[in-house]
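Heads up, the thing below is written out as structure tokens.
Bear in mind these aren't lab numbers, they're just calculated from the coordinates by the rules spelled out. Bear in mind the structure is a predicted one, so any value in this text is a computation, not a measurement. Virtual Cβ from ideal backbone geometry, glycine too; neighbours counted across all protein chains shown.
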Amino acid sequence: MDATDFGSIYQRYAADVFRFALHLCGNRPDAEDILSETFIRAWTSPAGIRVGTVKAYLLMIARNLHLDRVRVAGRTAVLEIDSPDSAPGPETTAVQRDEVRALRSALARLPERERAALLMRGVGDLTYDVIGAALGMSPGAARVTVHRARIKLAGLRARAGEHHEDHT
């Protein structure tokens, strides 16, 4: 991959990779590190793209980097619930911040593979074929994984809402 191609690939996909990494790890500094390392690995890889699209390949690298960090840290994938909101500006209300915090909390409770598939579909806007290739499963299994993750996420959010109402 030459520098011109790499520059255009970075311009096109950096924001998506960063958002995906931020949702995976829950904090900006780690997401920035994962973003940088993802593009370094993509640029220096002697092999070509190993999955269907450039975007899926980059998200697969970002996920693997996140998993490596979790393994090295010796803990399970946990999001920092109190991480700063990624949407800057004074217009962000307390209700919106609470909603983001609740969503991050619910996402953190999903199994890592389901969370990754759901984020690839929602944040990355990838097809089930591409998600399956990135996660090493069939497109049908990817579809089922995303569906199950959505159901679990909805259940977690509903339980959190009931819990919140009980304490207000």
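Output ³J(HN,Hα) for segment 131-148: one whole-Hz value per residue in order, computed from phi by the Karplus curve 6.51 cos²θ - 1.76 cosθ + 1.60 with θ = phi - 60°, and x for Gly and Pro.
Per-residue couplings from phi come out as 4, x, 5, 5, 9, x, 9, 6, x, x, 5, 5, 4, 5, 4, 5, 4, 5 Hz.
Scan segment 6-68 for trypsin sites (Lys or Arg not before Pro) in coil per DSSP, keeping those whose Cβ has at most 11 other Cβ atoms within 10 Å, and list them by number.
none
Pairs of Cα atoms under 8 Å, at least six residues apart: use those to get the relative contact order of segment 17-72, whole percent.
41
Along segment 25-35, what does the Karplus equation 6.51 cos²θ - 1.76 cosθ + 1.60 (θ = phi - 60°) give for ³J(HN,Hα), rounded to whole Hz, x for Gly and Pro?
9, x, 9, 4, x, 5, 4, 5, 5, 5, 4
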